[in-house]
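Down below is the structure, laid out as structure tokens.
The values are calculated or read from the model by the stated rules, or taken from the named source; none is laboratory data. Source: prediction; values computed, not measured. Using ideal geometry, Cβ is built from the backbone for each residue, glycine included, and neighbour counts are taken over all protein chains shown. These accessible areas exclude ligands, DNA and RNA; they are computed on the full protein's heavy atoms, side chains included. Shrake-Rupley method; radii C 1.70, N 1.55, O 1.52, S 1.80 Å.
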Amino acid sequence: MIKTYILTRPYHNYSFILRHKSGMKLRYDFTGGNSITNTKAQLILRGQFAQELLESSDEFKTGLVRLFRTEDGGESVPSVVVSQQPTIVEEVTSPEQLIEYVAEKLEKVYLRPDAALEYAKRKGFQFPNLELKKKEE
């Protein structure tokens with residue numbers, strides 16, 4: 001099983017050494033990060049011993065390092081599965097109310113209702129009573 005770990009902070013490179021109780025030392029080098037573009041450094045581990053040692057470390061327990069992806073047999077399986085039920089908002093009925101709702105609840109300002117609706121849908125909101133008026137040509 002191949003596991004990919006990621007740093008939660010945007011370091012360019014990050015390295016630390018862990019010591020097993022048997023005395024064996026392993027160096028973990030996280031590379032590929034960029035603090036300017038907020039890209040997080042990653043490390044791919046294939047050995048079960050190295051994976052278990054990293055997952056029992058303080059860096060993993062405190063949240064500095066987290067499991068990003070697990071691959072088994074060439075098929076990628078996401079490590080975190082989020083099944084979020086959509087939030088249904090029935091009080092929004094007009095485009096103006098939609099823009100105000102998105103600005104207030106999601107802290108994002110839009111001038112066009114269609115852009116606000118698209119953003120709200122990506123965040124898991126549904127508006128069953130909303131009536132968007134189409135422009136007549």
Checklist outcome for this item: Taking 0.36 nm per residue of separation between Ile2 and Lys25 and subtracting their Cα-Cα distance, the length gained on full extension comes to 6.2 nm
Item to check | Cross-link pairs beyond the 29 Å C-alpha cut-off, checked among Lys40/Lys121; Lys61/Lys108; Lys3/Lys108; Lys61/Lys121; Lys40/Lys108; Lys105/Lys133 | outcome: Lys61/Lys108; Lys3/Lys108; Lys61/Lys121
Checklist entry - So how much slack lies between Asp58 and Gln126, counting 0.36 nm per residue of separation and subtracting their Cα-Cα distance, in nm? => result 20.4 nm
Next on the checklist: Just the number please: accessible area per residue for the chain, 1.4 Å probe, all protein chains included, in Å².
Outcome noted: 73 Å²
Item to check | Identified option (computed Rg and Dmax of the Cα atoms in Å; candidates (i) 18.4, 72; (ii) 22.3, 77; (iii) 14.9, 46) | outcome: (ii)
Checklist outcome for this item: Carbon/sulfur accessible area of the chain, % of total, 1.4 Å probe, equals 48 percent
Item to check | Using a Förster distance of 25 Å, the FRET efficiency for Arg9-Glu118 (Cβ separation, nearest 0.05) | outcome: 0.25
Checklist entry - What distance in nm separates the simple spin-label points at Thr37 and Ile17, each placed 7 Å from Cα in the Cβ direction? => result 3.2 nm
Next on the checklist: Less than 9 Å Cβ to Cβ from Phe68, Lys/Arg counted +1 and Asp/Glu -1: what total charge do the surrounding residues give?
Outcome noted: +4
Item to check | Nearest 10 degrees, 0 to 90: helix 113-122 Cα axis against the chain principal axis | outcome: 30 degrees
